[in-house]
Number of protein chains: 4
Amino acid sequence: MKRFVLMALASCALAIVAQPAAAQSKAKPRARDLGVPFDGTPGPLNAITDVNGVEVGHRTLISGEGKLKVGVGPVRTGVTAIFPRGKASADPVFAGWFTENGNGEMTGTTWVDESGFLYGPVMITNTHSVGVVRDAVIKWQFEHGPPAPLDDWWSLPVVAETWDGYLNDINGFHVKPEDASAAIENAHGGAVEEGSVGGGTGMVCNEFKGGIGTSSRKLSEKAGGYTVGVLVQCNYGIRSNLRVAGVPVGKEIPGPPIWDSDTGSIIVVVATDAPLLPHQLKRLARRVTLGLGRNGSISGNDSGDIFISFSTANAGAGMSKTPAAITILPVEKIDPLFAATVEATEEAVINAMVAADTMTGIDDHRVEALPHDKLREVLKKYNRLAETK
Amino acid sequence: MKRFVLMALASCALAIVAQPAAAQSKAKPRARDLGVPFDGTPGPLNAITDVNGVEVGHRTLISGEGKLKVGVGPVRTGVTAIFPRGKASADPVFAGWFTENGNGEMTGTTWVDESGFLYGPVMITNTHSVGVVRDAVIKWQFEHGPPAPLDDWWSLPVVAETWDGYLNDINGFHVKPEDASAAIENAHGGAVEEGSVGGGTGMVCNEFKGGIGTSSRKLSEKAGGYTVGVLVQCNYGIRSNLRVAGVPVGKEIPGPPIWDSDTGSIIVVVATDAPLLPHQLKRLARRVTLGLGRNGSISGNDSGDIFISFSTANAGAGMSKTPAAITILPVEKIDPLFAATVEATEEAVINAMVAADTMTGIDDHRVEALPHDKLREVLKKYNRLAETK
Amino acid sequence: MKRFVLMALASCALAIVAQPAAAQSKAKPRARDLGVPFDGTPGPLNAITDVNGVEVGHRTLISGEGKLKVGVGPVRTGVTAIFPRGKASADPVFAGWFTENGNGEMTGTTWVDESGFLYGPVMITNTHSVGVVRDAVIKWQFEHGPPAPLDDWWSLPVVAETWDGYLNDINGFHVKPEDASAAIENAHGGAVEEGSVGGGTGMVCNEFKGGIGTSSRKLSEKAGGYTVGVLVQCNYGIRSNLRVAGVPVGKEIPGPPIWDSDTGSIIVVVATDAPLLPHQLKRLARRVTLGLGRNGSISGNDSGDIFISFSTANAGAGMSKTPAAITILPVEKIDPLFAATVEATEEAVINAMVAADTMTGIDDHRVEALPHDKLREVLKKYNRLAETK
Amino acid sequence: MKRFVLMALASCALAIVAQPAAAQSKAKPRARDLGVPFDGTPGPLNAITDVNGVEVGHRTLISGEGKLKVGVGPVRTGVTAIFPRGKASADPVFAGWFTENGNGEMTGTTWVDESGFLYGPVMITNTHSVGVVRDAVIKWQFEHGPPAPLDDWWSLPVVAETWDGYLNDINGFHVKPEDASAAIENAHGGAVEEGSVGGGTGMVCNEFKGGIGTSSRKLSEKAGGYTVGVLVQCNYGIRSNLRVAGVPVGKEIPGPPIWDSDTGSIIVVVATDAPLLPHQLKRLARRVTLGLGRNGSISGNDSGDIFISFSTANAGAGMSKTPAAITILPVEKIDPLFAATVEATEEAVINAMVAADTMTGIDDHRVEALPHDKLREVLKKYNRLAETK
């Protein structure tokens, strides 16, 4: 919280605070560090970037405090960009998507369904900034992007959102084209910042502070040695439903209600290097629901729970002008990828909540962080606190 | 187990043992009776039949033992019929369906999608008997059913299945048209038999004995006072993934593996008296996945996880020859029904496993029941054992 | 018609008249032979069997005449089997399906969607015989089929239907398991019998006699040299909507009405040797609607207009236990296959009507064949009669 | 063409020429006036506005000529707004949508699917301006719109597009938020301007000039007396496939090719006052494909053929906080609405081409109008020229 106040003081008017968390993020504990037990084996970063080639960039917009003045602030929002093969590549990836509850937006999905490919990044922002981000992606691709794979130049970007109007002046339209470009330019491999950053800046999850979270699973060599990485922008749920590692944490840490119903949304991006075709990637996207189920979600009416998955295998398949040789995973070998998707989704959501600090936004709305000590206490009460290194 | 042996001895050749569990079933404990904690308030029967009008009938086929002789036995299979408005009514119900993983069959669904109505019962049997049951439903409707609502007489029955080939001589095609008719004729309101009965006779769930399970939720008057009932034929999963009330029961009660992957399937029927339209019922069907997620499912490749939901409200809407007056629940009032679906699904699966006795089938394959004492012990270890009356 | 009377006289009771049309069929004119103009270039047989490996088999059941006696007759029905790689192969094909109007049944489609593969044949029969045919396919596969590709033996056959109750004792359930087997055993490459044969025996199309029809397109080498073949079991439509090559033939050849609304259905099977993936095959299936549009269809409420397409390319992809090398057609190269699907659908429907002879069935219901001379006359009136060789 | 030159001369730099066609449009012939025969009976305006309450507004942007200078021009684009209940109403309508080929965008559709409602207008613009229009709709709703029906204020606008980059500086992003507002403010009942106006300004259809077209059908009292109205923004197809009233007009009026494949797209909006539920409206949307089939479309890979339909019946259903009484059309009564949709789609496309004048755009790309005299000549050749009043 203090960090935020300092920021707000330091920023006059609408000054933008660029991702300050980078250096600190290594020091921040993640859910595993707190002793939350999860199934499966994560990759080295326990992040979506464990899938080779994936780059993530955030643009975080935090400024102003106090009473809402539409168009002025306070501002608690941002943009996140996820590039399957890095921003320097125009090579599309096989992709599939699924909606558990459609009170939300993900543009570009009819073309994903039709072509089987995702061309360009997945962008995530707030509900009322999807348009500006969408067109800005086109502009960036046109001006700075790699050569397009198609003859007549056009683009149908994939942009998703969750609603941050509890903390952010969402109807002030503070996200600008240059913020989308900045998220794109910031995209990099390696560790991914979590919590109140990028598109996740102003989000609320299970009535705790939410935002961006990530996790990954590395399969055994016997299971193919593939990696599955998940990134969530989590903004869904009510506290009483929250389970962590099966433990009824939400009920054990009661708090003043923020919502009277399951308001919010969660966007989930699933990446893998396993050679999956579009119809198989749809299957992966559908497994996200099972991960959310583990955490207690009921996917409420006000929630836009939309998931997209892609495979970085089969590079070049979408660039070829002639029939292309590709690889497909056998039907019977897909279960470990399903398990990995469920497990990494479960963990990414908890990582988002563990990483996010308490935040105060418009009209002094305040959303508390999930308290780490109390979380450990509850896990211990239910004999589910794992030993940590 | 002893019960089964006696049955087998008493039955020469292919004699059918008709539902013997009826009288005993009241004495059998259910998951709640064992102290498993669940969210929400069940209806009086904690069964799908808490939804007024719903009738359930089973036909159970158990005969033979020892080595598999295709066409002879052993037989461990059956048929279950669920009538939304009772078997005496031809009045269709609004319905919707969803597939989490499509390694299975549910006939009749294109017409459910198209018309928005379910005409007739939902039938559940084994994978290789879907056809015989389907045509038998048509025959029964033609000969004994109530007058058809449509002019030219035709029918597209809804018949679903899960695979019982581990215990049952599935390629012997032991289900006959008269077994389907018997399940239909046996349909009644009131308490529902659970465990190894009807279509669930030979099923395996999380590598314990599975079968039929049911549960319900009754909403508060403030939430509309509606009832949601769920019935499952559960045959999915591997033991290590099983969670009960969030507790890793599968890992805590290890056993000899039956499957090397998530083999099986689960058919789920969701009934409600809330006035939901077809597109809203699809939403209910999709929530089943979240209930399965709570129990640890990854919805493996070999699993046919197919769900159908219907509403008994708006009686007569499908019989009218002129525009019909109906009622629709507001979009914003649906969350309690979502929660009820998730919770009743979670409980119905555990009820199925709690009710099913250990069974031995073809080639002396033996599937152990979920041990009640051990289950309570594990729940206690994780501080999740509820007090029971 | 005379042929039918002779048949009926020669057959006592329920004797089955096996495909007598084989020898004559070469002599029968097809739509092109009558001067109907179509776009595109057909393959050598102008049949689905122009796609290498495809085999088609019919079993035709015709017996009895006069007043309907349920269970006795008259019988005007049958079964058609289409094997993508021939009946000797267990190697599945990539497949996709689509429903324009779902008042019908096609079993097995959830697994087609999920796996991306079609295992086994596509079977077509009457509405009330889907079940018997489905289970009979399993039995045939188990007893006579090639070794199954999967470990635990199970099958989810694809069986579709259209309703022949205007001519056939459909509630007499005259199709038996052995009829399904016979259709399978009769499957062969080469010319395909059209008209009132197999599953199409008792069908009515645009209030003329309908049934089985087929057509194909061979792409130029520049377009890849691929073949697209279409087979329809056509039973849809009302006469006033019928267009042939854009000409309002239905309005020009009025007749006594059979239906008061668009009753019937059409099942369409699209085969190709182009290397299409499941999501691309769904696209082909969706183009069938455009072909039906050319012929004037409105896809009425009572119509089950369900389409499935498959690709015989990528042999072995579904049999591999390890990641398999396959080929994918570029997104931008698919248009000629779309055009071929539309054109071959348009022609296959007209071929079915041109081939089908007038038939009398239950209660002396009589359905006239599309009169060839009158058709030519109308085409000439609209300056659309093509020169014929 | 002359009109355009004058406009260009009169406009210095980027001056916007606001809808000049209004006064003239009454004098312009429509397809029927030229003697094109169509099935069915249109409403009084033969326009989507025959459905009571529907309002349509255009904003047309035409400026500059000669060589493309990205960001400067030439500009040939615009925005069209369709309000189901007029722009003064916040009352949502039941809606459904369908994609025949998904190379395009229609935002907001996951919420249409989920809620069954369309909240606000359908907007249509060019491919690269979807974002700006989307966010502008939110801004307009927030600032000028009627009170929102939902508690927390948010919006997920429906915005669709087709690609006008052959004539328009599409990567110059000339559509501004105020253009979207202007289209909204211009919305009115009564006659609808067709041709090169609004979102349709720079469109190409079957390699003739395309744009906005509309048509309607009025059902007989026996069929319910309902109205179906269709509006298209048509930009699809290649000339050789074009059929008008079944006549191969495209082949008969050859011209220099613009595309080497089926480039473009078509957005279709279907309105009705029949009391259809969301799942029934999906059925209407699917019938659009049949209308396009009549006109010869193959729905090419580069085409975004996306359709949305809504019903203005059941006013207030989406505003109620308690279960609402609504009306549903019986399943068996829907065929006349299907026919109306097919017929009005067929006619609206031809109306768009008949109304659009020849246009020259970027780099002097010139797209010829469908020549009226030649069209009549060809219809006459094929004996399909209807008498006109």
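The values are calculated or read from the model by the stated rules, or taken from the named source; none is laboratory data. Not measured: the values here are computed from a predicted model. Virtual Cβ from ideal backbone geometry, glycine too; neighbours counted across all protein chains shown. For the accessible areas, the whole protein counts, side chains as well, though only heavy atoms, and no ligand, DNA or RNA atoms are used. Shrake-Rupley method; radii C 1.70, N 1.55, O 1.52, S 1.80 Å.
Could you please let me know if C:Arg59 is farther than 28 Å from C:Ser299 by Cβ and either among the charged types (D, E, K, R) or more than 7 Å from every other protein chain (Cβ to nearest Cβ) (or both)? When the stated conditions are applied, C:Arg59 passes them.
Select from the stretch C:298-321 the residues that are among the small types (Gly, Ala, Ser), in contact (Cβ under 8 Å) with a residue 40 or more places away in the chain and out of contact with any Asp or Glu (no Cβ under 8 Å at 6 or more places or on another chain) and list them in ascending order. It would help to see each step written out before you state the result.
So the first thing to find is which residues in the stretch C:298-321 are among the small types (Gly, Ala, Ser), and the list is C:299-300, C:303-304, C:309, C:311, C:313, C:315-318, C:320.
From what is left, the residues that are in contact (Cβ under 8 Å) with a residue 40 or more places away in the chain are C:299-300, C:303-304, C:309, C:311, C:313, C:315-318.
Within the stretch C:298-321, C:Ser309, C:Ala317 meet the criteria.
I'd like the full set of residues that are buried (at least 24 other Cβ atoms within 10 Å of the Cβ) and either under 17 Å from the mean Cα position of the chain (by Cα) or at the interface with chain B (Cβ under 7 Å from one of its Cβ atoms) (or both), limited to the stretch C:88-98. Quick ask: steps written out before the conclusion?
So the first thing to find is which residues in the stretch C:88-98 are buried (at least 24 other Cβ atoms within 10 Å of the Cβ), and the list is C:92-97.
Scanning the stretch C:88-98 gives C:Ala95, C:Gly96, C:Trp97.
If the condition is being more than 8 Å from chain B (Cβ to nearest Cβ), touching a Gly at 6+ places or on another chain (Cβ under 6 Å) and open to solvent by 10 Å² or more (accessible area, probe 1.4 Å), then the stretch A:327-347 contributes only A:Glu343. Every test in (1) surrounded by fewer than 22 Cβ atoms within 10 Å (Cβ to Cβ); (2) touching a helix residue (DSSP H, G or I) at 6+ places or on another chain (Cβ under 7 Å) is passed by C:Asn103 save one, and that test is (1).
Among the strands (runs of 3 or more DSSP E) lying completely within the stretch C:75-133, list those that include at least 3 residues that are under 21 Å from B:Val112 (Cα atoms). Step through it out loud before you land on a result.
Numbers: elements: C:75-83, C:93-102, C:122-126.
Correct list: C:93-102, C:122-126.
Evaluate the stretch D:116-123: report whether one residue or more is of a type outside the set (Phe, Trp, Tyr), open to solvent by less than 10 Å² (accessible area, probe 1.4 Å) and over 21 Å from the mean Cα position of the chain (by Cα).
We begin by selecting, within the stretch D:116-123, every residue of a type outside the set (Phe, Trp, Tyr); these are D:116, D:118, D:120-123.
Checking the rest, the ones that are also open to solvent by less than 10 Å² (accessible area, probe 1.4 Å) come to D:116, D:118, D:121-123.
Adding the requirement that they be over 21 Å from the mean Cα position of the chain (by Cα) leaves D:116.
The answer is yes, given that some residue of the stretch D:116-123 is of a type outside the set (Phe, Trp, Tyr), open to solvent by less than 10 Å² (accessible area, probe 1.4 Å) and over 21 Å from the mean Cα position of the chain (by Cα).
Residues that are over 18 Å from C:Ala160 (Cα atoms), open to solvent by 40 Å² or more (accessible area, probe 1.4 Å) and not β-branched (Val, Ile, Thr) within the stretch C:41-70 comprise C:Pro44, C:Leu45, C:Asn52, C:Glu65, C:Lys67, C:Leu68, C:Lys69, listed in sequence order.
When you look at C:Asn186, is it surrounded by fewer than 24 Cβ atoms within 10 Å (Cβ to Cβ), at pLDDT 95 or above and polar (S, T, N, Q), yes or no?
When the stated conditions are applied, C:Asn186 passes them.
In the set (1) more than 29 Å from D:Thr327 (Cβ to Cβ); (2) facing another protein chain (nearest Cβ under 9 Å), D:Arg283 fails one condition alone, (1).
The residues of the stretch A:195-248 that are among the charged types (D, E, K, R), open to solvent by less than 10 Å² (accessible area, probe 1.4 Å) and more than 30 Å from A:Ser63 (Cα to Cα) amount to a single one, A:Arg217. If you go through the stretch A:357-386 and keep only what is surrounded by fewer than 17 Cβ atoms within 10 Å (Cβ to Cβ) and within 14 Å of chain B (Cβ to nearest Cβ), you end up with A:Glu377, A:Lys380, A:Lys381, A:Asn383, A:Ala386. C:Gly293 meets all of the listed conditions (1) without any contact (Cβ under 8 Å) to a residue 60 or more places away in the chain; (2) among the small types (Gly, Ala, Ser); (3) open to solvent by 10 Å² or more (accessible area, probe 1.4 Å) but one, namely (3). If the condition is being assigned to a strand (DSSP E or B) and either touching an Asp or Glu at 6+ places or on another chain (Cβ under 6 Å) or open to solvent by 10 Å² or more (accessible area, probe 1.4 Å) (or both), then the stretch C:255-290 contributes C:Thr263, C:Ile266.
Does any residue of the stretch D:287-307 turn out to be more than 9 Å from every other protein chain (Cβ to nearest Cβ) and over 21 Å from C:Ala285 (Cα atoms)?
Taking the stretch D:287-307 first, the residues more than 9 Å from every other protein chain (Cβ to nearest Cβ) are D:288, D:303, D:305, D:307.
So of that shortlist, the ones also over 21 Å from C:Ala285 (Cα atoms) come out as none.
The answer is no; no qualifying residue exists.
Of all residues in the stretch B:124-141, those that are within 11 Å of another protein chain (Cβ to nearest Cβ) and open to solvent by 10 Å² or more (accessible area, probe 1.4 Å) total 4. Within the stretch C:156-169, the set of residues being closer than 24 Å to C:Thr109 by Cα and either open to solvent by less than 10 Å² (accessible area, probe 1.4 Å) or in a strand (DSSP E or B) (or both) comprises C:Pro157, C:Val158, C:Val159, C:Ala160, C:Glu161, C:Thr162, C:Asp164. The residue that is nearest to C:Met359 (Cα to Cα), among those in the stretch C:161-185 that are more than 10 Å from chain B (Cβ to nearest Cβ) and hydroxyl-bearing (Ser, Thr, Tyr), is C:Thr162. Just one of the listed residues (C:Ile350, C:Ile326) is closer than 29 Å to C:Gly195 by Cα and in contact (Cβ under 8 Å) with a residue 12 or more places away in the chain, and it is C:Ile350. For the stretch A:296-317, a residue qualifies if it is open to solvent by less than 10 Å² (accessible area, probe 1.4 Å) and charged (D, E, K, R), and exactly one does: A:Asp305. Based on this model, can you work out whether B:Asn52 counts as out of contact with any Ser or Thr (no Cβ under 6 Å at 6 or more places or on another chain), in a loop (DSSP other than H, G, I, E, B) and not small (Gly, Ala, Ser)? Judged against the criteria, B:Asn52 is a match.
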